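K.L.:
Structure provided below as structure tokens; questions to follow.
Bear in mind that the values in this text are calculations on the coordinates, not laboratory data. Given the structure is predicted, the values throughout are model-derived calculations rather than measurements. Glycine gets a Cβ as well: all are built from the backbone with ideal geometry, and neighbour counts include every protein chain shown.
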Amino acid sequence: MPRVTCFQHIDCEGPGSLLEILESKDVQVDILKPFKGESVPSQIRDGLILLGGPMGVYEEKAFTWMTEELNAIRKCLALGLPVLGICLGAQMLAHAAGGQVFRGALPEVGWYPVKLTPPGHLDPLLLGLPDSFDAFHWHGDTFNLPPSATRLAGSEWYPNQVFKVDGNAYGFQCHLEVTEPMVKSWAALYAKELTTQGGPIRPERVLGDLPQKARALQMIAEQVFMRFAALL
């Protein structure tokens, strides 16, 4: 049975549908929370997953666990192990591979289309996906692609939505793993970012037509995450 290590960075941003999909393919997922003091293993067995979080890679000195995780990513890249980074995890992957992470011009929060690039259409993880599909976003940071990366998909404001480093490491700035309950939970926890409490984001961008959008995203997530499972 393949065994993958999953780093979680805040309680509310768990693996969502990713966990169920991987377990359905007989992948054992070890969820670790270094932000709560759990140790980063010295060896990653079959693959690595890095979830999202509200912190930025440029805050590494304030979050000492991040240094250990970045070192783990670099080891996986050197060994050619599969890596999947989501949101903060994608930024950490980009940084570990030599890219620069920084604040974006505008926050991208809610449901926005992601468009595949020509290489994205041909990539094994994304093969057969629609040219453009709505994904869920909640981020304000962005990054330059590392030298060895290939851009696979982008959005209007954030061009590096999906990228690949070398052969087996993938970064997703957007969230394919979210479920309807997760979106509702984030909307409540981060309510100060919504216009109802003075923030810049309209609530309908997050919660409008949520059941339909969550179901459509689930279909995309199943295809992508099952293919990632096959890499392990």
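K.L.:
How big is the gap, in Å, between the Cα center of the range 28-70 and the Cα center of the range 76-116?
P.N.:
Taking the Cα centre of the range 76-116 as reference, the centre of the range 28-70 is 14 Å away.
K.L.:
Across 10 Å bins from the origin, how do the percents of Cα pairs in the range 132-203 run, short distances first?
P.N.:
17, 40, 31, 11, 1
K.L.:
Follow-up. Which distance in nm do the two modelled labels at S24 and A216 give, with both placed 7 Å along the Cα-to-Cβ direction?
P.N.:
2.0
K.L.:
Hey, can you rank 62-69, 36-43, 164-171 by average C-beta count inside 10 Å, highest first?
P.N.:
Ranking, from highest mean packing down: 164-171, 62-69, 36-43.
K.L.:
Where the only charges are on Cβ atoms (+1 Lys, Arg; -1 Asp, Glu), what is the dipole of the chain about its Cα centre, to the nearest 20 debye? Before the final figure, lay out each step's value.
P.N.:
Working: 19 positive and 25 negative charges, 50 e Å.
Roughly 240 debye for the chain.
K.L.:
Another question about this same structure. Quick check for me: using +1 on Lys/Arg Cβ and -1 on Asp/Glu Cβ, what's the dipole size of the range 51-121 about its Cα centre, in debye to the nearest 20?
P.N.:
On the way: 5 positive and 5 negative charges, 33 e Å.
I would put it at about 160 debye.
K.L.:
Given 0.36 nm per residue, what is the gain on full extension from F63 to A78 after removing their alpha carbon distance, in nm? It would help to have the intermediate numbers written out before the result.
P.N.:
Values: separation 15, 0.36 × 15 = 5.40 nm, distance 2.40 nm.
Length gained, F63 through A78: 3.0 nm.
K.L.:
Mind grabbing the base-10 log of I(q)/I(0) for the range 172-232 at q = 0.12, 0.30 Å⁻¹? Debye formula, identical points on the C-alpha positions, no solvent, two decimal places.
P.N.:
So the normalised log intensities are -0.37, -1.23.
K.L.:
Points 7 angstrom from Cα along the Cβ direction at L127 and N71: gap in nanometres?
P.N.:
Computed distance between label sites L127 and N71 equals 3.8 nm.
K.L.:
Restricting to the range 42-187, compute how many DSSP beta bridges are antiparallel as a %, nearest 5.
P.N.:
Around 75 percent antiparallel, to the nearest 5.
K.L.:
Per the Debye formula with a single identical scatterer at each Cα and no solvent contribution, what log10 I(q)/I(0) holds for the range 1-117 at q = 0.09, 0.16, 0.20 Å⁻¹?
P.N.:
Debye curve over Cα of the range 1-117, log10 I(q)/I(0) at q = 0.09, 0.16, 0.20 Å⁻¹: -0.24, -0.78, -1.19.
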